[in-house]
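Laboratory data are not the source of any read-out in this text; all were calculated from the coordinates shown. Fair warning: this is a prediction, and the values are worked out from it, not measured in the lab. Every residue, glycine among them, receives a Cβ derived from its backbone with ideal geometry; neighbour counts consider all protein chains shown.
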Amino acid sequence: MDRNLSNGILERGAAADLWRNTLSQIPSVFGRLVYLCSLRDANSGLYQHYGLAQVFSDREADRVLRQSHDQTFADWLCFNLEQQKADLDLYLSGLGSNRRTILDTWIRLTPYRGLIPSVVRDVERRLYLADLETILELLKNEYGVASLDPDA
């Protein structure tokens, strides 16, 4: 591929490749959020994807993955609570594990906190956490998950 292409063409190419070959295969927005976050190095904050980097470069892969993570997070926030719950149900149904175990673990360890992109406004972070914790409370009641918190 000609490395002298404009950034716009490279971005559309890398973004289109990411969507076509990966993100479109993940049925839930929450699942995309989990996937994209899994590509972020916890120490450097850089996103890594071998296939994208081979075709477009490490720098382009990082940029497109970062933008996709930000956009996917924004998409989740645009859902109302009912849509978020339905999307999270779709994600959970694809995990193949016991839902009660997953919910219990999420309530105790809060792994969903790590899914937030590095550069979001505080109000977006608070909204995401409030919405997700509300949904978890609903699912906790729905699936009969007992709280292990002695103060609860």
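Exposure proxy check: LEU92, LEU52 ranked by fewest other beta carbons within 10 Å?
Numbers: LEU92 19, LEU52 25.
Sorted ascending by nearby Cβ count, the order is LEU92, LEU52.
Exposure proxy check: VAL29, VAL119, VAL34 ranked by fewest other beta carbons within 10 Å? If you can, show how the numbers build up before the last one.
Details: VAL29 22, VAL119 10, VAL34 18.
Exposure proxy ranking, most exposed first: VAL119, VAL34, VAL29.
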Handout entry: Projected label distance in nm at SER118 and GLU142, using a 7 Å step from Cα toward the beta-carbon
Key = 3.4
Practice task
Work out Dmax and Rg for segment 7-143 from the C-alpha atoms and quote the Rg first, both in angstrom.
Solution key: 15.6, 49
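Can you give the relative contact order of the chain as a percent, counting alpha carbon pairs under 8 Å and 6+ residues apart? Walk me through the intermediate numbers first.
Working: 107 pairs, mean separation 36.5, N = 152.
Worked out over the chain, it gives 24 percent.
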Practice task
Set the Förster radius R0 to 25 Å, insert the Cβ-Cβ distance between GLN71 and ASN43 as r into 1/(1 + (r/R0)^6), and round the FRET efficiency to 0.05.
Solution key: 0.55
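Would you mind ranking LEU136, LEU36, LEU129 by Cβ crowding within 10 Å, fewest neighbours first?
Details: LEU136 18, LEU36 26, LEU129 14.
Neighbour counts put them in this order, fewest first: LEU129, LEU136, LEU36.
Send over the Kirkwood Rh of segment 59-140, from the inverse of the averaged 1/r over different Cα pairs, rounded to one decimal Å. The partial results should precede the final answer.
Details: mean 1/r = 0.0727 Å⁻¹.
Its Kirkwood hydrodynamic radius stands at 13.8 Å.
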